[in-house]
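S.K.: Handing you this structure, nothing more for now.
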């Protein structure tokens, strides 16, 4: 895990947020910042792939986005041999989607709107390898 140091020299976990909804991205970043996490946002799976970030410790990923879906992104990353602790966020959960996500090693499958405490618990578990 590659940690980023804050201004006091403390290591901070970096969370990448991939969601097409700007309001969702902004609220997730606010929760993450208030809890001491660094974050980077991407408005699509394609943007995430194009920028190929390597400093992320955890990936918060929406499923239903225009263009490439979150699960398509996971498949692409898997084919490239990239593994990042991933948490799925979706407004439309179903068992088939959950099963497919877990095939890619998803740590948590959360339904929007997600409680901040549930999100932080999932991120903590994901970054500690639980």
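S.K.: Report the gain in length on full extension from residue 64 to residue 21: 0.36 nm times residue separation, minus Cα-Cα distance, nm rounded to one decimal.
M.R.: On the way: separation 43, 0.36 × 43 = 15.48 nm, distance 1.03 nm.
Taking 0.36 nm per residue and subtracting the Cα distance, the gain is 14.5 nm.
S.K.: Next up: Springs between alpha-carbon atoms under 10 Å, Gaussian network over the chain: tell me which of 97, 51, 89 tops the mean-square fluctuations.
M.R.: Largest GNM mean-square fluctuation: 51.
S.K.: With 10 angstrom as the radius, rank 86, 127, 111 by how many other C-beta atoms surround their C-beta, starting from the fewest.
M.R.: Working: 86 24, 127 18, 111 13.
The order, fewest Cβ neighbours first, is 111, 127, 86.
S.K.: Further, regarding this structure: Order by neighbour count: 78, 27, fewest other Cβ atoms within 10 Å first, most last.
M.R.: Details: 78 13, 27 16.
So the ranking, lowest neighbour count to highest, is 78, 27.
S.K.: Moving to a separate point now. I'm checking a number: the convex hull volume of the Cα atoms of the stretch 63-130, normalised per residue, in Å³. What is it?
M.R.: Dividing the Cα hull volume of the stretch 63-130 by its residue count gives 86 Å³.
S.K.: I would also like to ask the following. Can you compute the equivalent ellipsoid semi-axes for the stretch 4-116, i.e. the square root of 5 times each eigenvalue of the Cα gyration tensor, sorted largest first and rounded to whole Å? Please list the in-between numbers first.
M.R.: Working: eigenvalues 98, 53, 34 Å².
Rounded to whole Å, the semi-axes are 22, 16, 13.
S.K.: Quick one: if the Förster radius is 22 Å, what FRET efficiency do residue 125 and residue 83 give, using the C-beta to C-beta distance and rounding to 0.05?
M.R.: Here the calculated transfer efficiency is 0.90.
S.K.: Please report, in whole Å, how far the alpha carbons of the stretch 36-97 spread along each principal axis, starting with the longest.
M.R.: Result, largest extent first: 31, 30, 20 Å.
S.K.: On a 0 to 90 degree scale, rounded to 10, what angle separates helix 70-79 from the longest Cα axis of the chain?
M.R.: Result, in degrees: 80.
S.K.: For the chain, what's the relative contact order in percent, using C-alpha pairs closer than 8 Å and at least 6 residues apart?
M.R.: On the way: 201 pairs, mean separation 27.6, N = 130.
Dividing the mean separation by the residue count of the chain yields 21 percent.
Read-outs: derived from the displayed coordinates by stated rules, not from any lab. Bear in mind that the values here come from a model prediction, so they are computed numbers and not experimental data. Don't worry about glycine lacking a Cβ; one is built from the backbone with ideal geometry, like all the others, and counts go over all protein chains shown.
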